[in-house]
Structures are given as structure tokens and as C-alpha cells.
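The structure under discussion appears below in the form of C-alpha cells.
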Amino acid sequence: MIVVMSPNATKKNLENVLKKLEKLNLRTHLSEGEDRTIVGVIGDKKIIANLEMEMMAGVEKTVRITEKYKLVSRDFHPLDTIIDVDGVKIGGEKIVVMAGPCAVESLEQLRETAQAVKSCGAEILRGGAFKPRTSPYDFQGLGEEGLKLLRKVADEFGMKVVTEIVDRSDLELVENYADILQVGARNMQNFQMLKALGESKKPVMLKRGLSATISEWLNAAEYIMSGGNENVIFCERGIRTYETFTRNTLDLSAVAAIKELSHLPIVVDPSHGTGRRTMIAPMSKAAIAAGADALMIEVHPHPEVALSDGNQSLTPESFKNLMNDLNGIAKAVGKTL
Ligand code: PEP
Ligand code: MN
């Protein structure tokens with residue numbers, strides 16, 4: 001349920017509302033807009049069903065939320081949420097770019113990539129240290145050594161780190177090195193891991209599952225938020241369809257859907273979304289036009305020898321051209337790059 005306070009409600013009115021909800025052991029979530037305060041209420045369904053708040057002074061109305069997800073819902077929090085990743089803000093006017101190799105392979109590879117992408121404006125270095133590969137015989141990542149390299153190189157170039165966590169038991173380890181914890185598509189509904197991430201202080205980037213509906217994705221984010229971690233970022237990375245020309249079908253309508261249903265920011269990953277190098281630029285432009293807050297793009301200094309996802313990795317040079325092209329699109333939708 002949400003309790004909408006009237007524009008002339010006093011502080012005391014709000015306090016009384018909160019006190020009443022607290023007494024009933026309900027959790028509240030305040031969203032203070034310019035002229036109205038909204039109180040989101042979660043907890044025991046039966047208690048909420050019988051709750052009468054309209055009679056209280058300062059309450060304009062109450063709205064029952066039928067969706068299962070609440071904290072991620074825009075009804076609970078009408079204004080856009082901006083997530084501050086140690087100074088890099090995701091969800092505001094500036095489009096944030098995360099770039100780097102699919103997998104961390106070596107210090108040289110990472111350094112060369114970071115130097116190139118940072119000089120074109122990327123602020124967050126991506127790279128997998130634990131790789132969820134389809135085949136057990138493919139490169140599985142460097143593990144902790146990869147995390148160390150990410151931190152070292154990101155610090156060298158003044159960047160932040162986003163990297164994937166594939167197992168709940170690695171949480172402390174990954175937290176030690178990363179600025180954003182990435183939940184991969186294959187783990188979107190790993191509920192035990194989502195619960196553990198709910199207790200983390202680090203922002204979480206939640207990739208959409210390979211065949212997840214928008215509602216399942218929102219509910220996965222609700223797991224993290226209901227555990228107390230409010231810094232959740234969505235990432236659209238394509239879904240499985242009957243199409244085989246592309247690796248996945250990048251669902252850009254998800255950007256508009258998430259913006260309508262949630263206050264949380266959304267990143268688009270055209271690299272995994274298409275699997276094809278030639279499609280990264282057009283899909284990045286379309287993502288920004290559709291309202292994406294950030295992009296995640298795979299870049300490798302020598303894609304032809306990459307240990308994973310070489311086919312979809314841009315060279316530093318093509319990444320530079322892309323960043324130049326994106327400037328105009330960002331401007332056209334009232335944003336900066
Ligand atoms: C990745 O970003 O490295 C990755 C494995 O992506 P996804 O989980 O979307 O397949
Ligand atoms: Mn990849």
C-alpha cells in the first residue's frame with residue numbers, strides 16, 4: 001500500500017502516520033517529492049488489507065498495490081533513483097559507459113583496454129574474473145587474480161569496477177575488489193544469492209535472465225531491495241527468442257517498460273544482446289534514444305585472440321568512433337555523455 005500525504009500535511013501528521021504503521025510492525029519507505037510525501041508500506045498482507053489510514057489528518061488517499069514487487073515500483077518512489085557509485089552517478093543526466101573485456105586475461109590486456117576506453121569517456125571498467133561459460137572446457141576466468149588486476153588497473157586510470165559474482169560464497173571476496181556487483185543473466189533467479197546481495201553495501205547490477213519476463217526481473221530486484229540494499233541497477237542484455245542471426249534478441253522495449261514500472265536505473269548491454277560487433281553501434285544509439293541510463297560494452301585490444309566473446313568485442317578504435325557518434329544522440333534526448 002502507499003499512503004499519499006496531502007500537500008499541506010504537517011510534520012506532525014506524517015509522524016503520526018509513521019507511528020501508527022510502526023505499531024502494527026509494518027515497514028515504511030518514505031519518498032519525499034516537491035509537494036507531496038509518499039509513504040510506502042510493506043509487511044503482513046492481512047494487516048495491510050485491514051488498514052484504514054484515510055481518516056488520519058494529513059492523509060490525502062491510500063493506494064493498494066496489487067503487484068508483488070513494491071520497493072522497486074515507481075508507485076512507491078515516483079522520482080528516478082540515481083545510484084552513486086563512489087562519485088559516478090547512474091540514473092541522472094549523464095549517460096554512464098561501462099567498457100572492458102568480456103574476461104580479464106592479463107595485466108597487459110586490461111591495461112591497454114582501460115587506457116583506451118577511459119580516454120574516450122568510459123568511467124567504469126568491466127571484466128569477468130569468474131566466467132559462467134556454457135561449456136566447462138572454455139576459459140573459466142582468472143578468479144581472485146582477475147579481481148586484483150581489475151582493481152589495480154581501474155585505480156591506475158581513475159575508473160570504477162563492475163564484475164560478476166557467480167556464487168554466493170564469493171560475496172566477500174568480490175566486494176573487496178568491485179564497486180558494482182554484477183548478477184549475470186544465468187543467476188537472475190538465484191534467490192539465495194539475491195538475498196545475500198540484499199545485505200551488501202555495494203550497488204548491484206542485475207542482468208535480465210535469458211528468458212525472464214519483466215515481472216520476474218522486477219521481482220528479482222525486489223529480493224535485493226527487501227534485504228536492505230536499495231542500490232539496484234537493471235541491465236537489459238537480450239532474451240532468447242527463435243531468432244538465430246543474433247546471439248540474443250535485445251529487447252529495447254524493456255527500457256521503456258522498466259522506466260514506466262520502476263524508479264531504478266537501467267543499463268543496456270548491446271554486446272551480449274546481439275553477439276555481433278557490427279550491431280553494437282546502432283543498438284547503443286537506439287538504447288540511449290529509448291532512455292537507457294548507461295551502456296555496457298565489451299572492448300578487447302585484439303578481439304581475434306580473445307579468450308571469450310571476441311565476435312562481439314569492439315576494438316579500441318571502433319569504440320572511440322562509437323563514443324563520438326553517441327554524443328549527438330545523447331544531446332538530442334537532453335542528456336550528456
Ligand atoms: C557478462 O557480462 O560478462 C556476461 C556473462 O553476461 P550475461 O550474464 O548477460 O550473459
Ligand atoms: Mn561476454
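Here are the numbers:
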{"quantity": "Convex hull volume of the range 236-306 per residue (C-alpha atoms, cubic angstrom)", "calculated": "92"}
{"quantity": "Antiparallel %, DSSP beta bridges [both residues in the range 83-332], to 5", "calculated": "15"}
{"quantity": "Largest-first principal axis extents, alpha carbons of the range 92-161, Å", "calculated": "41, 23, 17"}
{"quantity": "C-alpha center-to-center spacing [the range 285-337, the range 42-103] in angstrom", "calculated": "29"}
{"quantity": "Order of Cys235, Cys102, Cys120 under a 10 Å beta carbon neighbour criterion, fewest first", "calculated": "Cys120, Cys102, Cys235"}
{"quantity": "Charge context of Pro78, other residues only, Cβ under 13 angstrom, K/R +1, D/E -1", "calculated": "-3"}
{"quantity": "Translational diffusion of the chain, µm² s⁻¹ [Kirkwood Rh, Cα pairs; Stokes-Einstein; 20 °C; 1.002 mPa s]", "calculated": "103"}
{"quantity": "Footprinting exposure proxy for Met55, Met98 (fewest neighbouring C-beta atoms within 10 Å first)", "calculated": "Met55, Met98"}
{"quantity": "Summed side-chain charge close to Glu156 - residues other than Glu156 whose Cβ falls under 11 Å, Lys, Arg +1, Asp, Glu -1", "calculated": "+3"}
{"quantity": "For Leu326, Leu110, order by how many other beta-carbon atoms lie within 10 Å, fewest first", "calculated": "Leu326, Leu110"}
{"quantity": "Reduced Cα scattering model of the range 55-196, Debye log10 I(q)/I(0), q = 0.08, 0.15, 0.16, 0.21 Å⁻¹", "calculated": "-0.30, -0.83, -0.91, -1.30"}
{"quantity": "Highest to lowest packing among 268-280, 167-179, 219-231, scored as the average C-beta count within 10 Å", "calculated": "268-280, 219-231, 167-179"}
{"quantity": "Selected from Thr37, Thr113, Thr249 as most flexible by GNM, with the chain as the system and alpha-carbon contacts under 10 Å", "calculated": "Thr37"}
{"quantity": "Peptides 133-143, 291-301 ordered by average Cβ neighbours within 10 Å, highest first", "calculated": "291-301, 133-143"}
{"quantity": "Gyration tensor (alpha-carbon) shape descriptor, the range 2-63, a/c threshold 1.5", "calculated": "prolate"}
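Where a number appears in this text, it was derived from the coordinates with a stated rule and is not lab data. It should be emphasised that the depicted structure is a prediction, and the values quoted were computed from it without experimental measurement. Reconstructed Cβ throughout: ideal geometry from the backbone, glycine too, with neighbour counts over all protein chains shown.
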